[in-house]
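To start, the structure under review is shown below, and the notes come after it.
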Amino acid sequence: METVRLEVNEENIRLDKFITQALPELSRTLIQQYVKEGHVLVNGKSEKVSYKICLGDVIEINLPDNKEMDVLPEDIPLNVVYEDHDVIVVNKPSGMIVHPSSGIYSGTLVNALLYHCHDLSGINGVLRPGIVHRIDKDTSGLLMIAKNDKAHQSLSEQLKAHSVSRKYVALVHGVIPHNHGKIDAPIGRDSKDRQKMAVTKINSKEAVTNFTVLQRFDKMTLIECRLETGRTHQIRVHMAYIGYPMYGDPKYGYKKDDQTYGQYLHAKTLGFVHPINGEYMEFDSDLPDFFENKLNELKGEDHE
C-alpha cells in the first residue's frame with residue numbers, strides 16, 4: 001500500500017475537493033470512495049468527504065494496492081533507442097503517460113514495457129517497474145528504464161548527483177533577446193491551483209534550468225534547455241515565470257494556442273554512465289513530426 005501525505009496550506013475547502021486538486025490523477029469519485037472506506041485520515045482520524053479542511057491539517061491517503069496486479073502487459077508499439085541486459089532507452093511519444101496511477105492502469109509506457117520485456121527492476125513497486133525518472137504525458141522524448149535493481153540504483157544515484165545529461169528542445173512564445181540564460185527559482189505546489197506547480201518559497205524545492213537560444217522567429221523562440229534538477233513541470237513553470245510560456249501548454253501557456261499535442265517540449269538528448277560497465281552513453285532523438293511541421297511554418301519568419 002502506498003501512502004501519500006499532504007500538508008494543508010489553505011482552509012474551508014471540502015476534503016474530497018482538496019485531494020482532487022492535489023492529486024489530479026485520482027478521480028473525485030475514487031477519492032470519495034477512499035474516504036468512505038477509511039483510507040483517508042485527517043490528523044490521524046477518519047472524516048467525512050464534506051469535512052472542511054483547516055490550515056495545518058495533515059492528510060494521509062493510503063492508496064489500496066489490491067488493484068496493482070491489474071497492471072497488465074499491452075502490445076503497444078515502443079520506439080526502443082537502445083537496449084541491453086541492464087538498461088532500455090525509449091523515445092516516448094507525446095500523449096503517453098509514463099506509469100499507471102490509481103484509476104489509470106492501461107495505455108501507459110509501463111504497460112508497453114511489461115509486454116516488451118519481463119525483467120524490469122522492482123525498486124519502485126508494481127506500478128512503476130523500472131521507472132527511474134519520468135516526463136509529462138504530453139512531453140515527448142528519451143527516457144531510461146532499469147531492467148534490474150542494481151542498474152536502477154546506479155541510475156537513480158546519477159540523477160541525484162545531477163550527472164545525467166538531459167537536454168530538451170522547446171518552442172516558447174516571445175523573442176528571447178539574449179542567447180543564454182539560467183533560471184534558478186524554487187518550485188512547489190501552486191497555492192491557488194493544486195493541479196499546477198509554481199515558483200514559490202512555500203514548501204518548494206530547488207530548481208535550476210539552463211537554456212540556449214537555437215532559433216528566433218517573429219513571435220517565438222526555439223530553445224534548448226539543460227536541467228540541473230528534475231522538478232515536476234520544471235521547464236514549463238520556469239519559462240512561464242520569466243515571461244516566455246511554452247507553445248501549446250494547456251496549464252502554463254496561452255489558451256489561444258493549438259493544444260492538440262500539448263506543450264511543444266521534447267526530451268531530445270539523454271546521457272548517462274552505464275550502470276554496469278561504467279561507459280558513458282549518450283543518445284539523441286528527432287523532434288516529433290508535429291513539432292517539425294510547426295517549425296517549418298515559422299521558418300518564413302526566421303530572424304537569423
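The values are calculated or read from the model by the stated rules, or taken from the named source; none is laboratory data. Note that the structure is predicted; figures quoted are calculated from it, not measured. Neighbour counts are summed over all protein chains in view; Cβ atoms, including those assigned to glycine, are modelled from backbone coordinates with ideal geometry. Quick note on the areas: whole protein, heavy atoms, side chains included, nothing else; ligands and nucleic acids left out. Shrake-Rupley method; radii C 1.70, N 1.55, O 1.52, S 1.80 Å.
Some values worked out for this structure:
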| read-out | value |
| --- | --- |
| Theoretical FRET efficiency, 1/(1+(r/R0)^6), r = Cβ-Cβ of residue 179 and residue 47, R0 45 Å, to 0.05 | 0.25 |
| Listed peptides 224-231, 88-95 by packing density, highest first (mean Cβ within 10 Å) | 88-95, 224-231 |
| Within-10-Å neighbourhood charge of residue 207 [Cβ basis; K, R +1; D, E -1] | -1 |
| Whole-percent carbon and sulfur share, accessible surface of region 1-62, 1.4 Å | 46 |
| Region 1-65 - convex hull of alpha carbons, volume per residue in Å³ | 71 |
| Largest-first principal axis extents of the Cα set of region 200-243 (Å) | 38, 18, 12 |
| Region 154-304 - charge dipole about Cα centre, Lys and Arg +1 at Cβ, Asp and Glu -1, debye rounded to 20 | 860 |
| Percent of C-alpha pairs per 10 Å bin, region 258-304, short to long | 21, 33, 25, 16, 5 |
| Region 178-304: relative contact order in percent, alpha carbon pairs under 8 Å with at least 6 residues between | 18 |
| Probe 1.4 Å, protein heavy atoms only - accessible area per residue of region 172-277 in square angstrom | 46 |
| Relative contact order (%) - criterion: Cα under 8 Å, at least six apart; region: region 109-202 | 16 |
| Region 79-123, accessible surface, carbon-and-sulfur percent (1.4 angstrom probe) | 54 |
| Mean separation of Cα contacts under 8 Å (6+ apart) over length of the chain, as relative contact order % | 15 |
| Mean Kyte hydropathy of 0.5 or more with a Cα span along the axis of at least 20 Å, helices from DSSP in the chain | none |
| With every protein chain in place, region 129-224: carbon and sulfur % of accessible area (1.4 Å) | 45 |
| Hydrodynamic radius by Kirkwood, which averages 1/r over all alpha carbon pairs of the chain, in angstrom | 20.8 |
